[in-house]
Amino acid sequence: LFNVIIPQQGFSLSRHSQSDKDKIKDEILDKIRTCENSLNKFYGEYNEYADAWRVQRSKNYGNNPKSLFNSRTGETHRAVEALCTFWYRVLTANDPYFECVVEGLSPSGQPLTPDQVYAIEQIILKQNNFVNFRKKLLVSLRSAGIFGTAIVEEPFIQRPVSGSRRYMEATDFVLSPLIKSFFDTNMPDMALSDFMANADYATANRILSLA
């Protein structure tokens, strides 16, 4: 006789009553409102930093024809570009800029050969080129240079290859702006927050692709 263990069903909203769903919704909205109230001052500084990088006059600054722009230092754009391009060169200096390391055995129980490791590296490199990883990395580093922190999403995507009926699957690299991100502001480090939320306005086609 064999003891068959049937795993329990994972979390599903359909198994909960409407009152429980309302409690979950109220808790989520309460956390978001608390984060918005805590970051209210930051939102104004966020726009100010962005305007300084764009070399534009801040909307809260008076009409002063004697100055080109009203950055706090006057060197915001140059400093941010120097930092992000330096980080970018350091991270992507090698060719390729990553290396696959073998740990353990393959699914078949056999050690991976050097040819198999090389093939994996080439697949990852092709996927990164397909999603424009380098360009998106530079954009994320620029955001980190301006605001000090950058949040990046890594969704799994499946898109058709141009000029064919084949599909390419890859892990994307999408910057999530801080101004639409929510977390527990009582934590000393964002990584310690017990939740992360993102205000995302998805199109109908994107919702269908996620279904």
*Output yes when any residue across the stretch 184-195 is over 15 Å from S38 (Cα atoms), open to solvent by less than 50 Å² (accessible area, probe 1.4 Å) and not acidic (D, E), and no when none is.*
yes
*Is there a residue in the stretch 168-177 that is assigned to a strand (DSSP E or B), surrounded by 15 or more Cβ atoms within 10 Å (Cβ to Cβ) and at pLDDT 90 or above?*
yes
_Members of the stretch 83-121 found to be of a type in the set (V, I, T), in contact with a helix residue (DSSP H, G or I) (Cβ under 7 Å, 6 or more places away or on another chain) and at pLDDT below 90, listed by number_ = V102
_Residues (among the polar types (S, T, N, Q), within 26 Å of V161 (Cβ to Cβ) and open to solvent by less than 50 Å² (accessible area, probe 1.4 Å)) located in the stretch 85-126_ = T92
*What are the residues in the stretch 102-144 that are of a type in the set (D, E) and in a helix (DSSP H, G or I), if any?*
D115, E121
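The values are calculated or read from the model by the stated rules, or taken from the named source; none is laboratory data. Computed from a prediction, not measured in an experiment: that's the story for all the values here. Positions of Cβ are generated from backbone atoms using ideal geometry, with glycine treated the same way; all protein chains shown enter the neighbour counts. All accessible areas refer to the heavy atoms of the entire protein, side chains included, with ligands and DNA or RNA removed. Shrake-Rupley method; radii C 1.70, N 1.55, O 1.52, S 1.80 Å.
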